[in-house]
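In what follows, a single structure is set out as structure tokens and then discussed.
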Amino acid sequence: MRNTGHDQQKQRTLWQRLHIDLPLLSGILALLILGLFVVYSAGGQENAVLIRHAKRAGFALVVMFLVAQIPPLSYRKWAVPVFILGLMLLAAVLLFGHVGKGAQRWLDLGFTKFQPSEIMKLVVPIMIAWYVSQYDLPTKISKIIIAFILVLMPTLLIAKQPDLGTSLLIASSGIFVIFLAGASWKLIGTCVGLASAFAPVLWMFLMKPYQKQRVLTFLNPEQDPLGSGYHIIQSKIAIGSGGIHGKGWLQGTQSQLEFLPERHTDFIFAVFSEEFGLIGVGLLLTVYLAIVMRGLWIAVNAQHAFTKLLAGSLTLTFFVYVFVNIGMVSGLLPVVGVPLPLVSYGGTSMVTLMAGFGILMAISTHRRFHV
Amino acid sequence: MAPKKRVAIRNHSAEANLFARRTFITFITVLILSLVLFSNIYNLEVNSYQKYQTRSNSNRIKLLPVAPNRGLIYDRNGVLLADNTPVYSLEVIPEQVDDIKKRLSEVSELLDISQEKQNKLLKELKSKRRFKPIELYSRLSEQQVSLFSVNQHKFPGFFIDARLKRYYPFADLTTHSLGYVARINRKDSLELEKQGLAENYAATRNIGKLGLEKYYQDILHGTIGHQEVEINNQGRVIRTLDFTPPIPGKDLTLTLDIELQMIAKRALSGKRGAVVAIDPRDGGVLAMYSNPSFDGNLFVHGISSKKYKKLLAPASNKPLLNRAVQGYPPASTIKPLLALTGLEAELITPETEIYDPGFYQLPGIETKRRDWKKWGHGKVNLTKSLEQSCNVYYYDLAYKLGITRISKMMEKFGFGDYTGIDIHEESRAIMPSIEWKRARYNKAWYTGETLSVGIGQSYWSVTPLQLSQAVSILVNKGRIKVPHFLKATSEVVINDKKINTQQPIITEYVVDEKRPITLSNDRYWDMVLDGLHNTVQKFGATGYAAFKGSKYDAAGKTGSAQTANIAQDEEYDAKKVQENKRDNAMFIAFAPYENPEIVVAVAIENVAKGGGGTNAGPVARQIMDQYFGDREIISTDKTKHPHHEEIYHQNITNTAGEP
């Protein structure tokens, strides 16, 4: 490899030298640009909203670019201390956190407010990938149990805030690592069996009334069409009335006349479906799938177990965003606060996602020099 | 750390294979889940498209009712009596205003709205629902409207709303016949609901409460229109999608002549009483005025309790009462009808004479009933009995007829029953009979009461309207035309959402006729009419003064009704009697004698001196003078004119001399 290194370096394109994965970037840019259009429509066609969103997208691109420059294997050194720091911050949030929208998510550092759970979206897969990749694959049961505990700690702390959406994403990012690392099917089957056996216990003893209500609303939103069912009903009306071709950009009556709540954030998919119809939805899902495919391709081609697992987990978590968001907006899943990735208005999650793509790009472009 | 060792013996290719297999499984799962998402969206957007399309539209599309314009009301010559005038109000949607306090004070300065009112408005703003327009200032002047319009760009969120409100240019002159409209109240709503009209009135604010406005409410109202609008989640109208215009109510043309009405008002000024003038040929009411009256416009905007109390105060003399349809003792005005009853009963002939010594005594009874002429009229036949209004003649006739024959005949002339005129405020008054007295007082009828009935007293009461109807029947020789105000209705035809500008369709009112009165000998009619003619035309007769020198050939009858009992042998002297116990003056008249065109009935309460001839007669005279061309007012302007009344008033005071 050393001898050919010089030649290869010569062959390397400008993009590779910049540590940019072009296919991934194309998909990301496609989504960001689409996001600008949909946010403009959903945000009451206000330039101020559009400009703020564009600035955040630009900032997120810069973050992605900077993260891409970091050699991915170097994360391993930082995994444990950062993970511990993250757990402490999450604990601090619960103790002194800033309450916003009925949940404690923010830590006030005096000069800025900071959401530790966002950082954990990256730290947890790094931590678990680091832990699992130290041992032979497939991972042994004992290690899996430890890995599970490592995943569970931040998940529970975040669920306690309560931020179901983020805890779900963080849990899945960890579990994906464990799955990709080859956890035995027997174990997976046992876990699934236990989980379904545990569900009634969870329902009867552990879930809070408002959480039960959410599930009930999900099962039958029409029981309270003006109250708890309003969001999901209006959302389904928006999607369904879009039809095959959609009502056209800026023409969605559900969104433009403000019947649809949370339309530029979590429910932006409904705005998109209403205005662009089934054809738009098909194209959007294709772009998401292309990004996921590219991410998995990067993972498979990564040359180290750590980077493989990390790339796979980040990619699959990205798909969880897509699936949970579209699923909840279209009535397949109960409503949990997960944005439509790279399209929804809202800064923090976009920056985290783009940092994740930065890591993926680093894995894709740094691999030849750090094995 | 232990792992270091293990790394050395790791099987990298096996791990890579494991990872690739797992990745492949997850990728397949991702594909399946994406398919699930897509098929769910497919289900929503394709299979359930119709359902959600409908629900989306019902979210945003609302049908707003649009009130039809109320039909206008004109007098017989086309003078506008009830108009719809635009009323402008300043409204605001506070959510659309950047600084409500500041803007309000600016707009108030512009339109000269008091500080006090501003403070009140600011207080009200706090308790209003969101995104609903709030009325800041109602009834803006035209100057204020134009001032605001020029400056509107400075006041986003503020706008002027124009609505049509009923306006009666002649105010109190027409109230008792036209009535008025006022805000639909709870009772009205319930009634509309019961009649199944609630939907048609969804946008209507006012409803006829009295008079013709009430009677012809359905015709005047029209049919509701609809505006299909797009609204947002706050219920605010974003744009209009479709418009079905309302069908305006039909315009009414009345038989009423506003000029006669003015004369009636002037003739009754300072008096309590009423005048009814009817065209006997069709029963159309030419004039109906009750004094004192009140301004119906007060009620259109909602009358203040202070003003309402004032109307109810005793000093106002009950202006709300329509005296034209309230009962008065008819007194001598019904003598011609009694004479007719006597002729028909063959108890008298025109030649039958009685002797009047100045009093009448029932056979075998001491009590004397005085004639109004102390020394009596001497020998009296039918004609003289009417000319001189001889009481003794009618005491005798009534005694001979008996109450049953009298009341049976009088009921045929419409007494004691509704005439069926097209206003609801009518009284039946009282036509006494044996049965009536039994039902009412559970007492037997006394013969003495029959005598009183003979001179139009006792329990007998008639409304001026009934009286004019009875005279109409008399001059029509038994034919009964139900009195009415409506002459014609007109409507504009609306075709295919476009207003047809062609001439409106006019529908003439079809006069209602009741079964005529037939007599055994048609000459009886002429005998009585001839008596009435002499009463007015013969020098020295009771009605002579009233129509002396008139250019037309009038006939008529006077009447003076006691309102208090006078002891036997006590002389009535108006000056000594309390005002409200003084005699009422009555008068009936018609002209021309051959082929009458107008019948007038007058009732004046508690006159200071004299009887029907001197008090009520001149009122009838002035109306007839007006009718027969001695016109004091020649109106040329028959178009809409908001200052009609002032103009007419000036005309009256400038050109009319005292009668």
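Things to note:
- Between B:Leu311 and A:Leu283, the FRET efficiency estimated from the beta carbon spacing at R0 = 60 angstrom works out to 0.20.
- Proxy reagent accessibility, fewest Cβ within 10 Å first, across B:His377, B:His424, B:His153: B:His153, B:His424, B:His377
- For segment A:241-348, the convex hull spanned by the alpha carbon atoms encloses 106 Å³ per residue.
- What separates the Cα centres of segment B:348-406 and segment A:256-322 is a distance of 114 Å.
- Residue-averaged beta-carbon neighbours from other chains (10 angstrom radius) around B:25-33: 5
- 3J(HN,Hα) along segment A:182-194, derived from phi through the Karplus expression 6.51 cos²θ - 1.76 cosθ + 1.60 where θ = phi - 60°, amounts to x, 3, 5, 4, 4, 4, 4, x, 4, 4, 4, x, 4 Hz, with x in place of Gly and Pro.
- Nearest-20 debye value, the protein assembly as shown charge dipole, Cβ charges on Lys, Arg, Asp, Glu: 5820
- Percent of beta bridges antiparallel (DSSP, the protein assembly as shown, rounded to nearest 5): 95
- Once the Cβ-Cβ distance of B:Gln578 and B:Lys548 is raised to the sixth power relative to R0 = 30 Å, the FRET efficiency obtained is 0.40.
- Annotation for B:Glu191 and B:Arg10: the two label points, set 7 Å from Cα along the Cα-Cβ direction, are 9.4 nm apart.
- Taken over segment A:80-206, lysine pairs spaced eight or more positions apart, or on distinct chains, with alpha carbons under 29 Å apart number 12.
- For the cross-link pairs B:Lys187/B:Lys310; B:Lys412/B:Lys551; B:Lys384/B:Lys412, the ones whose C-alpha atoms lie over 28 Å apart are B:Lys412/B:Lys551.
- By other beta-carbon atoms within 10 Å, ranking B:Ser433, A:Ser173, B:Ser269 with the fewest at the front produces B:Ser269, B:Ser433, A:Ser173.
- Unit charges at the beta carbon, dipole of the protein assembly as shown: most positive-side option, B:Pro65, A:Leu137, B:His301: A:Leu137
- Label zone (A:His245, point 7 Å along Cα-to-C-beta; backbone nitrogen cut-off 16 Å) within segment A:280-311: A:280-281.
- In the protein assembly as shown, the DSSP-assigned H stretches of four residues or longer account for a calculated mean residue ellipticity at 222 nm of -15000 deg cm²/dmol, using -39500 (n - 2.57) per stretch and the full residue count as denominator.
- Kyte-Doolittle mean at least -1.0 and Cα axial length at least 20 Å: DSSP H helices in chain B: B:12-42, B:391-412, B:523-537
- DSSP-assigned coil residues among chymotrypsin sites (Phe, Trp or Tyr not before Pro) in segment A:176-261, each with at most 16 further Cβ atoms within 10 Å: A:Trp249
- The convex hull built on the alpha-carbon positions of segment B:64-254 has an orientation-averaged projected area of 13.1 nm².
- Ranking of A:Ile237, B:Ile403, B:Ile303 by count of other Cβ atoms within 10 Å, fewest first: B:Ile303, B:Ile403, A:Ile237
- Taking a ≥ b ≥ c as the square roots of the eigenvalues of the Cα gyration tensor, an a/c ratio of 1.5 or more together with a/b no larger than b/c marks segment B:362-456 as oblate.
- The mean count of C-beta atoms from other chains within 10 Å of the C-beta of residues in B:56-64, rounded to a whole number, is 4.
- Along its principal axes, segment A:80-206 has C-alpha extents of 48, 39, 17 angstrom, given from the largest down.
- When peptides B:306-315, B:109-118, A:31-40 are sorted by average Cβ neighbour count within 10 Å, with the highest value leading, the order is A:31-40, B:109-118, B:306-315.
- Per residue, the Cα convex hull of segment B:149-277 amounts to 206 Å³.
- Cα gyration tensor category, rounded, prolate or oblate, for chain A with a/c compared to 1.5: oblate
- Note on chain A: with charges restricted to the Cβ of Lys and Arg (+1) and Asp and Glu (-1), its dipole about the Cα centre is near 1120 debye.
- Taken along its principal axes, the alpha carbon cloud of the protein assembly as shown reaches lengths of 159, 59, 51 Å, longest axis first.
- Cα shape, chain B, gyration tensor, a/c 1.5 rule: prolate
- Gain on full extension, evaluated as 0.36 nm per residue between A:Leu219 and A:Ala91 minus their Cα-Cα distance, stands at 42.7 nm.
Laboratory data are not the source of any read-out in this text; all were calculated from the coordinates shown. Keep in mind it's a predicted model, so treat the numbers as computed, not measured. FYI the Cβ positions are ideal-geometry reconstructions off the backbone, even for glycines, and counts take in every protein chain you see.
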